[in-house]
Structure formats: structure tokens, C-alpha cells
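See below for the structure under consideration.
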Amino acid sequence: MPRRAVPSDSDRAAFISLWLRRLGRDEARREALEAGNLASAYPTAADPQAALSEEHTAFAALAWLDAHATRLGEGEVAALLPDTRIRAGNSVQKLLWKSRVAFVAALGAHLKLPSRVPKWVVMASVAAGHLPPTALPPVKSAPDAPPPPPPYLVTLANKPSVLIDRATRGATGWDGTTLQYREAFEDGLVLNYFEKETTPEVLRQHLQRLDPRTSDVWRLLTAKVLESERDDVFAPVTVQPAELARALGLKPHPNGSVRPRDIVRCTESLFHLERLWLTMPDARGKDEKGTRKRVLAVMERGRSKIIDGQEVPSSWTIVLGDWARYFPRTYAPIFRGLVELPANSSTNVWTKQIGTELTYLIRETSDAPGNVRLVHVATLLTRASVMPEVLEMREHRNHHRAIERLEAALDLLTTLGVHAGWRYEPGSAAALDAASTHKFFGVWLECFVEITVAEELLRSVAALQADTVA
């Protein structure tokens, strides 16, 4: 059905003039409207054209009431009112409106409205004073907002879980020949990137697509495993790629749905994690290899569909591998703000990884007195998986960029609430001031940073430590 044409200003003016003439009102304005002089018709209005439109809507609503409502006589109105005195808190208007009757002053009569009245007629009539405010539909009270989620996720923080977290931040640190990831300070544990019936060359191509979002997905998965029952970390959990995308805080489609490309990204992260195998530190001789355990086992996949040329299962039912039973179960509170922080800039990536490592450090030093922790710059950069990038900057004489990026990340972590403030330890600050330009970068790497831990985080870590199951 074609839409009705919007009336022109001259049509609106003619309609208003007709009603003003009928009601015997505002002759001066009527003459100005008939002359087409809106400024004279609405001398006090900031926007005469808007005032014309508003008055036209009011008279259009009045015309609707005049055409569709039923006029009542005095006796009919009196029969609707009680014989006794009207109690306080009530009114004649309220009582009459229970029968959908209202006195319309512009028409000088009581009108009984039909059961259905267009919403615009009601709104415009109340705004113009044709109908009482009681004619407005009751405002629906908004449902109680759900309580905000806690500011952090409880994730596994034992040695294998932390190793997996670091390994899945990107391809840096992986051996492209052996497809293995190992760390000097995690003796005996090795991660392998492996998939049956897939050639090493194809696996290398997959490995190059690792990005920091995969480590976020790993922490989300361990948090989901721990949600219901921490004593049974081997209970299967079911996740959907769209669910992970929302938990990562990825920007939704304008229609509120998850963007297809983000569903694909989360699916790729799940495939990455499925290809990870953990070599246990149980080898007895130099030539003997340790036992291999899957990082996670996929019990079931939902029905697949093709998105952007890739097969995407609708859901994944997974369970942690047997490796989880061989290590003490320790936990860490990872801030949701870190998981949801977009990995769309180098500073954000550093912030995510440095913030995660600071949280692990705070957990490891939970028994230390006070709320200040000393952090060695080089150690923090190494554990945050950004030291190769730092050394590359140094090689290209852009070491000042590394310093600026670390400081920007620490500032952003303050904003996110991961810590309550930071500064260079006074002795380190003095060493930096005294260092020559040539030695400045080396001195900076050996500096210590003082991190002030928020009291809330200390309490949370203490509670998690008390809940640790050996």
C-alpha cells in the first residue's frame, strides 16, 4: 500500500486555519497562516515551521476524535459517576476514563472513545490538552537489570595452563621446524602443534595464523570449565563460537547478531587449541620422549555450516585432557577487561599480555606482605611474549618505541583496574637518569617497576588460594 504524502506547509496552514475559524480562536494567527506568514503566526517560536507541524498534529488528533468518538449527554455522564463523594486520590477524570470517557474542552463535550485509538492520536491529544494524562498508556517498568558480572574470570593458573596461554598468543616463540613451543623457565613441558593426516607444511600455515585472541579463548574455556564445579575439571562443557565472540567483547553487527567473520575467528581458535598436545616431563633418559597428552579433547561438534568458505560447527563439546590431573590446581583472576580488550593495536596486545602476566605474578606472590610488587622489566617482557619484538626494535634502533609501549600498557592497565598504579623503583629511576644514551636501553631492561596492587584483587587472589586443591 503506498504511503500517504506528507502535507505541505500550505496544506497544514489551511487545515489549522479551518479549525481556528470553526472554534472561533486566534483570529490574528489564522489571518497570518492564510497569508502564508509563519513568522507572524508563531512570533515566539524558535522554529516557526516546527510550531506549524506541532499544531497541525494537535488539530489532526482533535479531528480524529471528533470523527470517531461518541458524544455523551449530561445524564449519560452522570450515570458513570458514583452517588457518594469522590475519595481523595481519585478524580472525576480518572473515574470517567475507566469508561474511556473524557471531556474535550476544544469541542465542549464529553466523548466516549472507541476501544482502539491510534497511539499518535492519544499522544498528540494529551500533549495538546484534549485528553487527560490518564489517557496515556501505563509505562511498563523495566525488568530488573541482571547483576553485573564479576570484574574477572577465574581461570586455571598451573604450569601447563600458563604455558598454553603464552604459546597461543601468536606464532612467535614456536619452532617452525619442529612445531614445538618450550620455555627456559618451564623445564620439561613442551607443546606440540599436531594433527593427524595433516602435513607439517599445512600445520605451519595454520600456526602462522595464531593470534592473541586464541589465548583469550583458552582462558574463557578454562573459566567455563571452572564455573560449575572446580573439583571436577574433566566435566564436558559445550560452547558456541558466537558465545565466545560475545564474551570476547567483539563488536556486534548493527542488527545485534554476531558478525560472521568473528564466528570464523573463534572457530579457528578452537581448531588451534584442538591441535595442541602437551608433552609431560616424565622422560627417563635423554633419548626418551615424555608422554603426550591432548590439551583438550573434542567430544562432539554441532551441525556445521559454511561461513566465508570455511566449515563452522554450531557448537563444540570439549573436555580438558588428562594432563590436568597431574598438576596442582591453582587459579588466577583474569580481568574481563583484558579478555574483552580488542587486539587491534600493538599497545592493546601488550596490555593484554602484560596484564595477564601481572595477574599470574600477583597470584604467585600472594603471601608477600603489603600491596606493592617489584617486577623486573626484562622478565615481564619475556613472560608477556613480547621480548622478540623488543629486541627487533632495538636492532632497528627503535628501542624508544618499546619503552613508550610498555609505559602506555601499564597506564592502560591502571585504567582497566588491573593495578592501582605503577612507577619505576626509585633506584632504577636514578639509574635511568644517570645512564648515557648508548647504555640507556640496557639499563632499562634491568630496571624494576613498582606495581601497586588493588586491595580487591589481593582479596580475590587470597580467596582463590584458599580454594586451591592440591
Item to check | Members of the stretch 108-124 found to be touching a strand residue (DSSP E or B) at 6+ places or on another chain (Cβ under 8 Å) and either aliphatic (A, V, I, L, M) or closer than 14 Å to LEU136 by Cβ (or both), listed by number | outcome: ALA109, LEU111, LEU113
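Residue-wise test of (1) open to solvent by less than 40 Å² (accessible area, probe 1.4 Å); (2) in contact with a strand residue (DSSP E or B) (Cβ under 8 Å, 6 or more places away or on another chain); (3) of a type outside the set (Val, Ile, Thr).
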{"residue": "PRO236", "(1), (2), (3)": "no, yes, yes"}
{"residue": "VAL239", "(1), (2), (3)": "yes, yes, no"}
{"residue": "LYS251", "(1), (2), (3)": "no, no, yes"}
{"residue": "VAL258", "(1), (2), (3)": "yes, no, no"}
Next on the checklist: Of everything in the stretch 182-229, what is within 26 Å of TYR331 (Cα to Cα), among the aromatic types (Phe, Trp, Tyr) and at pLDDT 90 or above? Give them in sequence order.
Outcome noted: TYR193, TRP218
Checklist entry - In this structure, does ASP308 turn out to be touching a Phe, Trp or Tyr at 6+ places or on another chain (Cβ under 9 Å) and open to solvent by 50 Å² or more (accessible area, probe 1.4 Å)? => result no
Checklist entry - Among all residue pairs at least 6 apart or on different chains, which show Cβ distances below 6 Å where the first residue, located in the stretch 48-69, is over 30 Å from VAL101 (Cβ atoms) and the second is open to solvent by less than 30 Å² (accessible area, probe 1.4 Å) and outside any helix (DSSP H, G or I)? => result PRO48/TYR42; ALA51/TYR42
Checklist outcome for this item: Scanning the stretch 192-221 residue by residue, the ones that are within 13 Å of TRP174 (Cβ to Cβ), in contact with an Asp or Glu (Cβ under 9 Å, 6 or more places away or on another chain), assigned to a helix (DSSP H, G or I) and open to solvent by 10 Å² or more (accessible area, probe 1.4 Å) total 1
Checklist outcome for this item: When every residue in the stretch 159-191 that is aliphatic (A, V, I, L, M) and open to solvent by 20 Å² or more (accessible area, probe 1.4 Å) is compared, the one nearest to VAL386 (Cα to Cα) is ALA171
Checklist entry - If you scan the stretch 246-267, which residues turn out to be free of Cβ contacts under 8 Å to residues at least 24 places away in the same chain and assigned to a helix (DSSP H, G or I)? => result ARG246, ASP262
Checklist outcome for this item: Heads up, the helices (runs of 4 or more DSSP H) in the stretch 377-450 (entirely inside) with at least 2 residues that are without any contact (Cβ under 8 Å) to a residue 12 or more places away in the chain and either closer than 15 Å to ILE354 by Cβ or in contact with a Lys or Arg (Cβ under 6 Å, 6 or more places away or on another chain) (or both) are 377-383, 387-395, 399-416
Checklist entry - Any idea which of PHE103, PHE59 is surrounded by 11 or more Cβ atoms within 10 Å (Cβ to Cβ), farther than 22 Å from SER17 by Cβ and of a type in the set (Phe, Trp, Tyr)? => result PHE103
Checklist entry - Taking GLU404, is it open to solvent by less than 60 Å² (accessible area, probe 1.4 Å) and either more than 27 Å from the chain's Cα centre (by Cα) or of a type in the set (Phe, Trp, Tyr) (or both)? => result no
Item to check | Where a residue in the stretch 335-355 is under 13 Å from LEU248 (Cβ atoms) and its partner, wherever it lies, is charged (D, E, K, R) and open to solvent by less than 20 Å² (accessible area, probe 1.4 Å), with Cβ under 7 Å and at least six apart | outcome: LEU338/LYS352; VAL339/ASP216; VAL339/ARG219; LEU341/LYS352; ALA343/ARG213; ALA343/LYS352
Checklist entry - Here are some residues: THR347, THR351. Which one is open to solvent by 10 Å² or more (accessible area, probe 1.4 Å), out of contact with any strand residue (DSSP E or B) (no Cβ under 6 Å at 6 or more places or on another chain), closer than 23 Å to ALA245 by Cβ and part of a helix (DSSP H, G or I)? => result THR347
Next on the checklist: Which numbered condition in (1) open to solvent by 70 Å² or more (accessible area, probe 1.4 Å); (2) of a type in the set (A, V, I, L, M); (3) touching a Gly at 6+ places or on another chain (Cβ under 9 Å) is the only one that LEU374 fails?
Outcome noted: (3)
Checklist entry - So which residues in the stretch 290-313 are over 16 Å from VAL239 (Cα atoms) and touching a residue at least 60 places away in the same chain (Cβ under 8 Å)? => result GLY290, ARG292, VAL295
Checklist entry - If we keep just the residues of the stretch 413-448 that are under 20 Å from VAL390 (Cα atoms) and β-branched (Val, Ile, Thr), which is least open to solvent (accessible area, probe 1.4 Å)? => result VAL443
Item to check | 3 or more residues modelled with pLDDT of 80 or more, farther than 30 Å from TYR326 by Cα and not small (Gly, Ala, Ser): qualifying helices (runs of 4 or more DSSP H) within the stretch 92-181 | outcome: 119-128
Checklist entry - Before we move on, is ARG363 within 23 Å of LEU338 (Cα to Cα), out of contact with any Ser or Thr (no Cβ under 6 Å at 6 or more places or on another chain), modelled with pLDDT under 90 and not in a loop (DSSP other than H, G, I, E, B)? => result yes
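The values are calculated or read from the model by the stated rules, or taken from the named source; none is laboratory data. Please read all numbers here as calculations on a predicted model, not as lab measurements. Backbone-built Cβ (ideal geometry, glycine too); neighbour counts: all protein chains shown. With ligands, DNA and RNA removed, areas are computed over all heavy atoms of the protein, side chains included. Shrake-Rupley method; radii C 1.70, N 1.55, O 1.52, S 1.80 Å.
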